[in-house]
1. With a point put 7 Å past each Cα toward its Cβ, work out how far residue 98 is from residue 66 in nm, to one decimal.
2. For the chain, set up a Gaussian network in which alpha carbons nearer than 10 Å are linked by springs, and say which option among 23, 99, 91 fluctuates the most.
3. Expressed in nm to one decimal, what extension gain is obtained for the pair residue 11 and residue 47 from 0.36 nm per residue of sequence separation less their Cα-Cα distance?
4. At 222 nm, what helix-only mean residue ellipticity would the chain give, in deg cm²/dmol to the nearest 500, using -39500 (n - 2.57) for each DSSP H run of four or more?
5. Report the calculated FRET efficiency for residue 81 and residue 38 (r = Cβ-Cβ distance, R0 = 22 Å), to the nearest 0.05.
6. What's the ranking of 79-85, 100-106, 53-59 by average number of surrounding C-beta atoms within 10 Å, highest first?
7. Springs between alpha-carbon atoms under 10 Å, Gaussian network over the chain: tell me which of 13, 24, 36 tops the mean-square fluctuations.
8. For the chain, take the alpha-carbon Rg, divide it by the Kirkwood Rh, and send me Rg/Rh.
């Protein structure tokens, strides 16, 4: 798909694997939850070698991303970049002035 799907695709590289999504922040009284519908996601890469990548997205990246809700919602053009501790995986998110959606891309270079 090369970025024609959902999410943010990295510029000037062809990643080993990429996951993109369009989500929605759902704030409540105690915290903000990120909702990513299953039909608003794309993946490119070798699914047989994606365990580390998917684990990082679900157990690190998305949890850290939820903490950026206030800055992303107050500055609709802001891009948040989060890198894995090893530097192997990179994730970005931005509202892209959409007025409610959050565009996400994670990849391995």
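1. Here the modelled spin labels are 1.9 nm apart.
2. Maximum among the listed residues: 99.
3. Extending this stretch completely gives an extra 10.7 nm.
4. On the way: 3 runs with 17 residues, N = 109.
Only helices count here, giving -3500 deg cm²/dmol.
5. 0.30
6. Details: 79-85: 13.7, 100-106: 20.6, 53-59: 15.7.
So the order, starting with the most tightly packed, is 100-106, 53-59, 79-85.
7. Top of the fluctuation ranking is 13.
8. With Rg and the Kirkwood Rh in hand, the quotient comes to 0.95.
Read-outs: derived from the displayed coordinates by stated rules, not from any lab. Here the structure is a predicted model, which means the values were calculated and not measured. A quick note on method: Cβ atoms are made from the backbone with ideal geometry, for glycine too, and the neighbour counts reach across all protein chains shown.
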